[in-house]
Amino acid sequence: MSTRNKLTPTPPRWAQNLLHWYCRTDLVEDLEGDLNKYFERNLKTHGTRWAKIIYCLDVVKFCRPYTIRKPDFFNLFIHYLMLNSYLKTTRRTLVRNKLFSVINIIGLAVSMSVGLLVIAFIHDLRSYDEFHADKDNIYRIITHYTPADQPTVDLASTSVKVGQQIGKTTSAIKHLTILRSGFWGDAIVGSVTLPMGAMWADSSFFNVFTFPLLKGNPATALKDPYSLVLTPKMAEKLFGETDPMGQLVRFDTTYYKVTGITNPIPKLSHLQFDALVSFASIERNHPSKDAAFYSWGNIWQNYVYMLLNPNINPTSVQTTLDHLNVTENKQLINQKISVSLQPLKQIALGPMLQNSIGPHISPVVIWVLSGFALVVILSACFNYTNLSIARSLRRSREVGVRKLIGAMKSHVVGQFLIESTLISLLAFVFAFVLFYFLQKQFLDLDPFISNLVSLEFSPKLLVYFLLFSVGMGIAAGLFPALFFSAINPVQVLKGASGWTLFRHVNLRKALILIQYTLSLIFITTTLVGYKQYQGFITLDLGFTTENILNIRMQGNKAALLEKELREIPEVKAISKSMMITSLGSIHGTSVKYKDTQDSSMAWLNMVDEQYLPLHDHHLIAGKNFTSKANTAQESEIIVNEQLLRRFNISPNNPAKAIGEWLVVENKKLVIAGVVKDFHYGTVMNTLEPVMFRYSADGQNGYLNVKITSTDLSATMTHIENAWQKIDKVHPLEADFYDDQIKKAYRQFSVMIRVIGFITFLSVCIASLGLLGMVVFTTETRLKEISIRKVLGASEAGLMYQMGKSFLFLLLLASLIALPVTYFFFDRVVLIHFAYHSPIGWMEMAGGVVAVILLALGLISSQTFIAARINPARVLKGE
């Protein structure tokens, strides 16, 4: 049968569809049968081609007035009348129930504004690097570094060697470019001196990325050594109105020629730069025989991007990288370095990587913000559902009448969905105004956020907003629509308010329970999170940070500024260090003990002899550094207890470790002292091996200044003046250690503020819903209240009688929310922090008390008014 169907020609499908579309239902079967008979006859006499042509002509020929299907104007008219009726009913419902309408509109508007904010935020993040022409084929090579006995560190940077090798190994790559960070200096043009940071980039940079040039040739702009490409903003700062092309810019004693001017760099680009310097410049200083620079292990400052040929599967390139990993790792001892591909779209919104360039945010943050926003939105939808079903007795009569006169189930569903959608669109107007207010507040939360996104309005964003508004209206009205469409006229006589979700659980109470459970989880999360944040910034680090001002030297000689600062009476002590610890920045190097095959990574800081006493580090064995101004070679090192444990150097008796030798960067250094363990990294890290090496100038990193002052503003002015004496170009960069620690944990501070704000909105919306339910309940039970009062009930007793069910729901919500929050922090969040504060009962119970007091205020205010009403006024008609 199937074989015959395949071999036997059939009439054209489009002609058959056309016939069914225009022909009357009562004629189409007979007419199609006749046409099929003619088609079979024509197959025998005229062949397949002509049979199909004749069939098509016959279909068109029979399109006559008596065969054309008449449009069902009556049904269209009915639908128009129904829609008009829906709109009138919605308007009357809004006017008749002013309080409920206001609660619904405000709740939906507030929650919708949060949704709009999250939509704009996600839209910006997903728009990163969208402007590149070949964005879908651009990949970055990232590195996975595993030192001996330590966890793997994922890096956005990689080695120059991998870029050179992969470019030679596979033909899948259309273009490949190598970048390097760390170019920094004072750009000098005539009398203008301007601090400028840049990146080295090779000549293929503009082949991979779409950064159009206003001036210059992208193919040659970065080809020659000492070529310089500027952004328009930097070019204007350096040259003013003068054409910068071909001009020279001096850094120290080296001149760079301006060979190109880019378009302004888009804000939503993970690559942000003031200038690009040709990679050939650095290659001139590092010829091919420089094995260290081109080694597989030089992974800290280089970035490799590639543009794959069209229709190339990146898996094939990853396979090549895997082979390269195996080959190169054979030459490494006690460490492993592997590389992999990362799509361009996952750089700004993807996994967290060390040495990342440009803004970045974890997808987890997006999920968390979206989840919180969803809870607020659901809370407003619950309010709508609650208040709609609470008025079910009145609305069910209306629905019953509609059904008796012929309204179908779909008509009832349509009525309530249109009603909720119109209310949602009305709320959208207010939400849009709130969005503009929240937009500024959100961007001002932290410079990181304002640098990450712009939240600028666009027509595309408006479409998303409107779709979200309509979707929220449908979500809010769907359950009431289904609820009312399911009733029949008999149920109208019984009333619909007693409908239950489960056997003994009223739907309205279930929704209130969910609302307050989520609100209590939010409140408790905010309180517990705030306590943890306070614990982070006040944690005993193992050394002193109070009243220490860290001044970044910016390439200046530390001794010159130290001399000026010692003239200020409020400055009590000064030390020098290469870096500031406990802020998340790390600098490590390989250390060996007696076994030359056994090396370990240890964190490092270069300090002078004043550093340990100024920071009150506890020296438990040995001695501090002494001035080595006249010593030609470094010979001593100070370590912490963890480093002794790592190499098993008398871990239980640190005094015996004094005099032992360690090999650090091919130098033999003797252990001169042992300090008590302290926090080199953040609270997320456990205590790790750390060492201090001596540097008379702290390698010109920072001056650590101990200050005792009763007028801090005047003291900072004196320090500013001292800085101006040694450097008139760079502004003073100085922060107190305690403030730097707060900045190190600012992401937690920002998240707590965001969660706190959403918590406030969630509680407000839930309270609005509770207020509406209390008002409705009070109105429907006025006769009961009056009768109880006539029988001698007190006002306090009436308040208890009216509010006990709501209070029971709040207590039940507390019993659910508190264990959930505790489990979430104890088993999910805090396990990622090596050091954190215990979860106390105060922050767990504080939110419950606050919510119950708020609910009591709402319940008592309405029940008190009802209890004060004269029973005669209510019962006079009975």
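Computed from the coordinates by the stated procedures, all read-outs in this text should not be read as laboratory data. Bear in mind the structure is a predicted one, so any value in this text is a computation, not a measurement. Positions of Cβ are backbone-derived with ideal geometry, glycine not excepted, and every protein chain shown enters the neighbour counts.
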So if we plug the beta-carbon distance of residue 650 and residue 596 into 1/(1 + (r/R0)^6) with R0 = 22 Å, what FRET efficiency do we get, rounded to 0.05? 0.60
Just to be sure I understand the model, the point goes 7 Å from the Cα along the line to the Cβ. What's the resulting residue 808 to residue 461 distance in nm? 4.8
In whole Hz, with x marking every Gly and Pro, tabulate ³J(HN,Hα) for segment 429-444 from phi via Karplus 6.51 cos²θ - 1.76 cosθ + 1.60, θ = phi - 60°. 4, 5, 5, 5, 5, 4, 4, 5, 6, 5, 4, 5, 5, 5, 5, 7
Kindly provide the pair-distance distribution of the chain built from C-alpha pairs, with 10 Å bins from 0 and whole-percent values in order of increasing distance. 2, 9, 13, 16, 16, 13, 11, 9, 6, 3, 1, 0
Rounded, prolate or oblate for segment 2-61? Axes are the square roots of the Cα gyration tensor eigenvalues, ordered a ≥ b ≥ c, and the cut-off for rounded is a/c under 1.5. prolate
Could you pull out the GluC sites (Glu not before Pro) across segment 636-727 that fall in loop regions by DSSP (anything but H, G, I, E, B) with no more than 13 other Cβ atoms inside 10 Å? 665
Estimated FRET transfer efficiency (residue 333, residue 668; beta-carbon r; R0 22 Å; 0.05): 0.70
Options 812, 786, 664, ranked by Cα towards positive dipole end of the chain, top entry (Cβ charges): 786
Enumerate by residue number the trypsin sites (Lys or Arg not before Pro) in segment 17-70 meeting two conditions: DSSP loop (anything except H, G, I, E, B), and at most 10 other Cβ atoms within 10 Å of the site's Cβ. none
Give me a comma-separated list of calculated 3J(HN,Hα) values for segment 745-754, in order, Karplus coefficients 6.51, -1.76, 1.60 applied at θ = phi - 60°, integers in Hz, x for any Gly or Pro. 10, 5, 4, 6, 4, 4, 5, 5, 5, 5
So the FRET efficiency between residue 367 and residue 133, C-beta based with R0 = 41 Å and rounded to 0.05, is 0.85
What is the set of long-range amide H partners of residue 579 at a cut-off below 5 Å, with H atoms built 1.01 Å from backbone N? 606
Can you grab the distance from the C-alpha centre of segment 421-486 to the C-alpha centre of segment 197-247, Å, no decimals? 42
Tensor-based shape of segment 124-165 (alpha-carbon gyration tensor, a/c under 1.5 rounded, otherwise prolate or oblate): oblate
Charge dipole of segment 548-744 about the Cα centre (unit charges at C-beta), most positive-ward option of 723, 734, 579: 579
Of the trypsin sites (Lys or Arg not before Pro) in segment 523-560, which ones lie in a loop per DSSP and count no more than 16 other C-beta atoms within 10 Å? 557
Pairwise label distance in nanometres, residue 323 with residue 713, each label 7 Å out on the Cα-Cβ vector: 6.9
Count charges around residue 328 for me, please; just the other residues with Cβ under 15 Å from its Cβ, Lys/Arg as +1, Asp/Glu as -1. +3
Quick calc, the chain, dipole around Cα centre from Cβ unit charges on Lys, Arg (+) and Asp, Glu (-), nearest 20 debye, gives 4460
Mean residue ellipticity at 222 nm from the helices of the chain, using -39,500 (n - 2.57) per DSSP H segment of n ≥ 4 over the full residue count, to the nearest 500 deg cm²/dmol? -17000 deg cm²/dmol
Phi angles of segment 710-719, converted by Karplus (6.51 cos²θ - 1.76 cosθ + 1.60, θ = phi - 60°) into ³J(HN,Hα) in whole Hz with x for Gly and Pro, give 9, 10, 5, 4, 5, 5, 5, 5, 4, 5
Given backbone amide H placed at 1.01 Å from N, residues whose amide H is under 5 Å from that of residue 660, ignoring those fewer than 5 places away on the same chain, are 671
Any chance you could give the angle, 0 to 90 degrees and rounded to 10, that helix 507-537 forms with the longest Cα principal axis of the chain? 10
Listed by chain and number, the residues whose amide H is under 5 Å from that of residue 187, excluding neighbours fewer than 5 places away on the same chain and using placed H, are 194, 196
Electrostatic dipole magnitude of segment 658-806 [Cβ: Lys, Arg +1; Asp, Glu -1; Cα centre; debye, to 20]: 640
Most exposed first, judged by fewest Cβ atoms within 10 angstrom, 255, 800, 303 run 255, 800, 303
Quick check: net charge around residue 42, other residues with Cβ under 15 Å of its Cβ, Lys/Arg +1 and Asp/Glu -1? +3
Dipole of the chain, positive direction: furthest Cα of 107, 603, 171, with charges on the beta-carbon: 107
What shape does segment 548-744 have by the C-alpha gyration tensor, where a ≥ b ≥ c are the square roots of the eigenvalues, rounded means a/c under 1.5, and otherwise prolate means a/b greater than b/c and oblate the rest? prolate
